[in-house]
Amino acid sequence: MKKAVILLPFLFFLITTISSQAYIRISTEKIDLILKVSSNNRVYQSYLGSRLQHPEELQTLTRATDRDVWEAYPVSGGEDFFEPAFAIRHHDGNMTSFLYYVSHEVRQTEPGVAETIIDLADNRYPVNVRLHYVSYAKENIIKTWSEITHQEKKPVTISQYASGMLYFQANRYYLTEFSGNWAQEAQMSTQELLFGKKVIDSKLGTRAAIQANPYFQIGLDQPASLNQGKVLMGTLGWTGNFRFTFEVDNKRNLRVISGINPYASDYLLKPGEVFTTPEFIFTLSETGTGEATRNFHAWARNYQIKDGKGDRLTLLNNWEATFFDFDENKLENLMQEAAQLGVDMFLLDDGWFGNKYPRVDDRAGLSDWEVMKSKLPGGVPYLVKTAKEKGVKFGIWIEPEMVNPQSELFEKHPDWAIRLPGRETYYERSQLALDMSNPEVQDFVFGVVDNLMKENPDLAYFKWDCNSPITNIYSPYLKEKQNHLYIEHTRGVYNVFKRIKENYPHLPMMLCSSGGGRCDFEALKYFTEFWCSDNTDPVARLYIQWGFSQFIPVKAMAAHVTEQNHTASIKFRTDVAMMCKFGFDIDLNKLTGEEREFCRMAVNNYHRLKKTILDGEMYHLVSPYEGDHTSVMFTTPGKEKAVLYAYDIFPKREDSVLPVKLQGLDPAKKYKVEEINLMPGVSSNLKANNRIFSGDYLMKIGLEVFTTQRMHSRIIEITAL
Ligand code: DGJ
């Protein structure tokens, strides 16, 4: 959420009537959102779709007459009987508001980025709403949010406060959602939206996205598909409770309302206080989700995620190799393994801290961020130094927003935890969420990173975990304002994230929440990547990675080779992880010499190709939901290099396998096709291996990369001559 300190001028007396033909045009290279100030001086959505080529025709758009209620920011109590974007109870108990146009301005904030600000005000109450729309021309992304303020005599209560509202008119609407559970994140499913409402929301507070991810696709007229059809793709940048409401009304319009979930969060807004909603970010495509995905990826790398254009570190993590069972000696050996493997960094996971309550399992010690002397007598400095001597960087795991009741911190500050007084406490993973609405707690949480960095300036990376939702909903700090808990908590989390970024702007950080429980684009402003799932079975990962990568660039999606699913070969496991931000979480000593050699070669290949994989344009070619095969590829913007991944999951022997048609190449260029990442001594049986084809051939005829072998994979390097 933006922390706006601006106070909107008191616009109550300034409401002006402008020409009933006044249009506000919010455009990208391919999209137009046209708002109209109608003759009743209210603002309506007049058009949303492909960019209109003839500006003079904007005058002839007929939608948005006074009674045609597609109001840009509808308030409860008006003539629109469907779900409003905004609901207020004034200080005198009145529950209606009408928002009238006051003024608007458009500014170019940087080349290719324009911001439109529209001021609205009630004419009976001093209530102002400012709508923001930022458009990214090349990336075809628009984001929108609102600021709400008032100058009434006493606080008002706002009970709905959407970031934005969009309307569509089509014959049919199909929603694809991304939902699941721990270890089953971002599973895609599609349903038709018929009359009434479908809601996707979260009430989990911290680990907000573990059951439903804050992402959706809408297929207009037909289900969203990869390469054809009109689609809307949208997401909310909010690390707390979110809500999307999809409502088909009596005229078969679709209304999409996105914002914070107001569940248990009626907000008491003081006079002069500005309530800023999080950003709702969306794109439209006329040619399916593939293009919309690339819009999101380009925008995220160019403008949103921390160090979006920068490099990423390969790593060896010790979590699945050791769990809590390690000492200095074991870690030194793992660092040695990391160096031999050729990765950039060793990442020490959970279990390195706690003395009075040693963190030997997940039941104690969390929040006592002092190194466990019995386990690691040399402390973190010794580990950082040892890693350096071995030739790798050193990163460390923390979970600073949480506390085990069995900890020194809890003994000292029981009131820092979110916990119901006088009731039985419910624990998830034996821990509680710290109360991030409390500034003292924010200082403590910031201090966890700051103290480690001050002691160890060479620390190269943090993995920031968050393993519990908010349970026992009561903030000792907020006292009688419990209805502010979910919002103030999330604001508190952002205060800390911001401080860390200000102090350590280039520190790479992984956002983790038992896997993908936190994966929204606001959090990713402060994190270079996130951990997609604790499920690293490569078969499950193909679906999870397919889901998340519909929105999130793979550069921000961490994937590690582990021991989960032994029936899959090391090559299959590696090839799956190599599609994302690559790492290992495995005891390499348990591998055969040949397997270790393969892993070293894979790391080498990845380092050589990571510019193409991480910064290239991603094409989702074959969906794992459509059969027993899946394929994706990445192409450099200049189309001189591409990497193709092909996976056979559980095909049947008698299945016919079709060639995969590539995308994103230059039809006129000639390309060499070469299968890489083969096990030592194995040569490729790909018919096209080491042959030369035009881009045209590869995109129209394709390559026969699939087989009928179970859990079989191929990585193919494609190089323009
Ligand atoms: C949950 C994470 O997802 C794992 O990778 C690991 O860091 C554990 N927490 C440690 O407790």
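Summary table
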{"item": "Matching residues, segment 176-192, being of a type in the set (A, V, I, L, M) and surrounded by 22 or more Cβ atoms within 10 Å (Cβ to Cβ)", "result": "186"}
{"item": "Residue ranges of strands (runs of 3 or more DSSP E) in segment 106-177 with at least 2 members among the small types (Gly, Ala, Ser)", "result": "113-121, 156-169"}
{"item": "Breaking point among (1) out of contact with any helix residue (DSSP H, G or I) (no Cβ under 8 Å at 6 or more places or on another chain); (2) surrounded by fewer than 20 Cβ atoms within 10 Å (Cβ to Cβ); (3) more than 23 Å from residue 506 (Cα to Cα); (4) in contact (Cβ under 8 Å) with a residue 60 or more places away in the chain, for residue 358", "result": "(4)"}
{"item": "Residue within segment 462-469 that is more than 16 Å from the ligand (Cβ to nearest atom), under 30 Å from residue 552 (Cα atoms) and within 24 Å of the chain's Cα centre (by Cα) present", "result": "no"}
{"item": "The listed residue being among the aliphatic types (A, V, I, L, M) and either closer than 30 Å to residue 289 by Cα or within 11 Å of the chain's Cα centre (by Cα) (or both), out of 559, 568", "result": "559"}
{"item": "Test: residue 391 is away from the ligand (no atom under 16 Å from the Cβ), small (Gly, Ala, Ser) and without any contact (Cβ under 8 Å) to a residue 40 or more places away in the chain", "result": "no"}
{"item": "Test: residue in segment 595-617 that is surrounded by 16 or more Cβ atoms within 10 Å (Cβ to Cβ), under 30 Å from residue 178 (Cα atoms) and in contact with a helix residue (DSSP H, G or I) (Cβ under 6 Å, 6 or more places away or on another chain)", "result": "yes"}
{"item": "Residue within segment 234-244 that is surrounded by fewer than 21 Cβ atoms within 10 Å (Cβ to Cβ) and either touching a residue at least 12 places away in the same chain (Cβ under 8 Å) or farther than 30 Å from residue 531 by Cβ (or both) present", "result": "no"}
{"item": "Condition check for residue 48: in a loop (DSSP other than H, G, I, E, B), closer than 27 Å to residue 261 by Cα and either at pLDDT 85 or above or out of contact with any Phe, Trp or Tyr (no Cβ under 9 Å at 6 or more places or on another chain) (or both)", "result": "no"}
{"item": "Candidate set from segment 406-419 (those that are assigned to a loop (DSSP other than H, G, I, E, B) and over 16 Å from residue 445 (Cβ atoms)); member that is farthest from the chain's Cα centre (by Cα)", "result": "406"}
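Results for (1) outside any loop (DSSP other than H, G, I, E, B); (2) within 16 Å of the ligand (Cβ to nearest atom); (3) surrounded by 17 or more Cβ atoms within 10 Å (Cβ to Cβ), shown as yes or no for each residue.
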| site | (1), (2), (3) |
| --- | --- |
| 331 | yes, yes, yes |
| 335 | yes, no, yes |
| 338 | yes, no, yes |
| 375 | no, yes, yes |
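Okay, residues lined up against (1) modelled with pLDDT under 95; (2) more than 16 Å from the ligand (Cβ to nearest atom); (3) over 24 Å from the mean Cα position of the chain (by Cα); (4) closer than 30 Å to residue 138 by Cα:
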{"site": "304", "(1), (2), (3), (4)": "no, yes, no, yes"}
{"site": "315", "(1), (2), (3), (4)": "no, no, no, no"}
{"site": "328", "(1), (2), (3), (4)": "no, yes, yes, no"}
{"site": "346", "(1), (2), (3), (4)": "no, no, yes, no"}
{"site": "358", "(1), (2), (3), (4)": "no, no, yes, no"}
{"site": "363", "(1), (2), (3), (4)": "no, no, yes, no"}
{"site": "370", "(1), (2), (3), (4)": "no, yes, yes, no"}
{"site": "386", "(1), (2), (3), (4)": "no, yes, yes, no"}
{"site": "404", "(1), (2), (3), (4)": "no, no, yes, no"}
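The values are calculated or read from the model by the stated rules, or taken from the named source; none is laboratory data. This is a predicted model, so every value here is computed, not measured. All Cβ positions, glycine included, derive from the backbone under ideal geometry; neighbour counts span all protein chains shown.
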